[in-house]
1. Could you list all residues from the range 40-56 that are part of a strand (DSSP E or B) and of a type in the set (S, T, N, Q)?
2. Which count do you get for residues in the range 35-53 that are under 9 Å from the mean Cα position of the chain (by Cα) and of a type in the set (A, V, I, L, M)?
3. Could you list all residues from the range 1-39 that are part of a loop (DSSP other than H, G, I, E, B) and not acidic (Asp, Glu)?
4. Considering each residue of the range 14-31, count those that are in contact with a strand residue (DSSP E or B) (Cβ under 7 Å, 6 or more places away or on another chain), open to solvent by 60 Å² or more (accessible area, probe 1.4 Å) and over 19 Å from ASP57 (Cα atoms), and give that number.
5. So GLY4 fits all but one of (1) open to solvent by 70 Å² or more (accessible area, probe 1.4 Å); (2) modelled with pLDDT under 95; what number is the exception?
6. Give the residue that is surrounded by the most Cβ atoms within 10 Å (Cβ to Cβ), with candidates limited to residues of the range 32-42 that are out of contact with any Asp or Glu (no Cβ under 8 Å at 6 or more places or on another chain) and touching a residue at least 24 places away in the same chain (Cβ under 8 Å).
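The values are calculated or read from the model by the stated rules, or taken from the named source; none is laboratory data. No experiment lies behind these values; they were computed from the predicted model shown. Virtual Cβ from ideal backbone geometry, glycine too; neighbours counted across all protein chains shown. Heads up: the accessible areas ignore ligands, DNA and RNA and are worked out on the full protein's heavy atoms, side chains in. Shrake-Rupley method; radii C 1.70, N 1.55, O 1.52, S 1.80 Å.
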Amino acid sequence: MCLGVPAVITEVHDAARATVEIGGVARMISTDLLVDENLTAGDWVLVHVGFAMSKIDE
């Protein structure tokens with residue numbers, strides 16, 4: 001069983017890294033798997049072991 005956690009992007013650093021907020025805690029994650037999604041601050045993603053797996057609705 002896998003656990004994905006919803007998180008809001010607070011800052012995009014480059015095409016491969018972003019800072020997200022999960023439950024009030026800021027974390028740096030990899031966005032390598034979502035390069036084609038054009039992620040921006042305010043977007044929500046599903047995070048699993050430090051990787052954004054998919055873009056989701058708020």
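1. Residue satisfying the conditions is SER54 alone.
2. Adding up the residues that qualify gives 6.
3. Residues satisfying the conditions are MET1, CYS2, LEU3, GLY4, HIS13, ALA15, ALA16, GLY23, GLY24, THR31, ASN38, LEU39.
4. 4
5. Here GLY4 clears every test but (1).
6. LEU39
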